[in-house]
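Notes to accompany the following structure.
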């Protein structure tokens, strides 16, 4: 999760979930990347119900289903724990800011997915994200477009991400 003294997160709770991002385009970007990271952490590192409550805006039909699914998986312990020594196969390559107002940020997060050393298993995609300023913080708005990331054809499509 990206962290900055000026952009956020200002707080990280006992579940490892960050909150209190700056009310700015950069704050929205850091919240977006942090939200993606938290939503994809192994279950032995984060409580998925806490992540949804902290990082996802409670709007739309999918929100209650996300909470119910995470709660059911937590209750039955049917989620997979992380493997010792496992490394992530998703890397942030860059971003775009398509639109920004004080209430909403439309972003694209460029991701490298898979093993870059193995061309057949590696791809670069641009995932469209909408962040809403909700209850004093940036929250991810789940959209159908998130499920359809677009292929990256050129690095010119995004601003490079420096870890």
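Every number in this text was worked out from the coordinates using simple rules, so none of it is lab data. Remember, it's a predicted structure, so these values are computed and weren't measured experimentally.
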Checklist entry - Which values, in whole Å and largest first, are the semi-axes of the equivalent ellipsoid of the chain obtained as the square root of 5 times each eigenvalue of the Cα gyration tensor? => result 23, 22, 16
Checklist outcome for this item: The relative contact order of the chain, taking Cα pairs under 8 Å that sit 6 or more residues apart, comes to a percentage of 21
Checklist entry - Tell me, how many Å apart are the Cα centres for the stretch 128-146 and for the stretch 1-73? => result 10
Next on the checklist: Quick check on the chain: helices-only [θ] at 222 nm, where DSSP H runs of length 4 and up contribute -39,500 (n - 2.57) each and the sum goes over total residues. Nearest 500, please.
Outcome noted: -7500 deg cm²/dmol
